[in-house]
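Structure first, commentary second.
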Amino acid sequence: MDPKHLEHARLVPVDAITVLNPRERNPKIFEEITSNIKAIGLKRPITVAERNDPADGGAHYELVCGQGRLEAFKALGQSEIPAIVISASREDCLVMSLVENIARRQHHSLDLLRDVKRLKENGYSIPDIASKTQLSKKYVSGVIKLIEEGEHRLLRATESGKIPISIAVEIAEADDVGVQAVLRKAYEDGHLRGARLIAARRLVEARRVHGKGRGRSPRPTSQTMSVEALLRTYQNDVERKRNLIRKADAIQNEISFLSQSFKTLLADANFVNLLRAEGLTDVPQVIADKIARAEGAHI
């Protein structure tokens, strides 16, 4: 352990520590923590707040930070762990724990989003949360809004980095027509381009058809499915098939145009000599087949 921590830390029974803000651990990361502690010992003590229990006269502790280290010590069969003991209320311990977790995470972590919400539920204002976590007020406000409105699809997209939080909030506030305007503006501003724009459009369509996500949009049953809903579903399916047909026709027209263009060019001796000079002697098979069928049709 770092010598500068020795004078401040003391040994605390691991079974006397309560985790106020428990969370699941990535098994691989936990294994690395445990292996490191086993090999070189604890580099940094955990932090706890002491609580005296009048019922049994013994001391109990609430964990402020260091859940991974505490669980590693338990896994290694240790009965005590070096800890810095502070004086703090249970509410302050919870806030310090949340802030510690937030500070060590990337801004796309879903756990981070939930921790922000827990701070809000504990009575902290958006400016307070932003100050404590070093996140922007706009980001904190957007996260809270999406969580409170059950926008799980948008939250997952924000977590994975597919959609910026500001655009996710605008989508949540807009109607069907407004959503398209949001996407168009995001494209024009350069926030959503290429694969990200395609992913955003798919997300918007899934949200429109299936709802906001987990827990807020149960699947309709045969008893609750109305005639209007069935008709709307049928119309949507018909429109999707029409779009596929239009795309297929457009591609067919493009292939026909290319085939005719190649046929005209290949009839030009100068063009053929130019291709040979450049080593371009092969015609794409699809085009060659198209030209052959077109010539056969005119025989």
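Some points to look at:
- Taking every DSSP beta bridge that has both ends in region 1-90, the antiparallel portion is near 60%.
- Sorted largest first, the spans of the alpha carbon positions of region 105-219 along the three principal axes are 36, 36, 23 Å.
- A simple rule links phi to the HN-Hα coupling: the Karplus curve 6.51 cos²θ - 1.76 cosθ + 1.60 with θ = phi - 60°, which for region 127-141 gives x, 5, 5, 4, 5, 6, 9, 6, 9, 6, 4, 5, 5, 4, 4 Hz, with x for Gly and Pro.
- Cross-link partners of Lys28 among aspartates and glutamates, defined as those whose alpha carbon lies under 20 angstrom from its own and excluding same-chain residues fewer than eight positions apart: Glu71, Asp111.
- Extreme residue, positive dipole direction of region 105-219, given options His210, Ala168, Asn122 (C-beta unit charges): His210
No lab work stands behind these numbers, since they all come straight from the coordinates. All figures in this text were calculated on a predicted structure; none of them were measured in a lab. Here the Cβ is made from the backbone with ideal geometry for all residues, glycine too, and neighbour counts use every protein chain on show.
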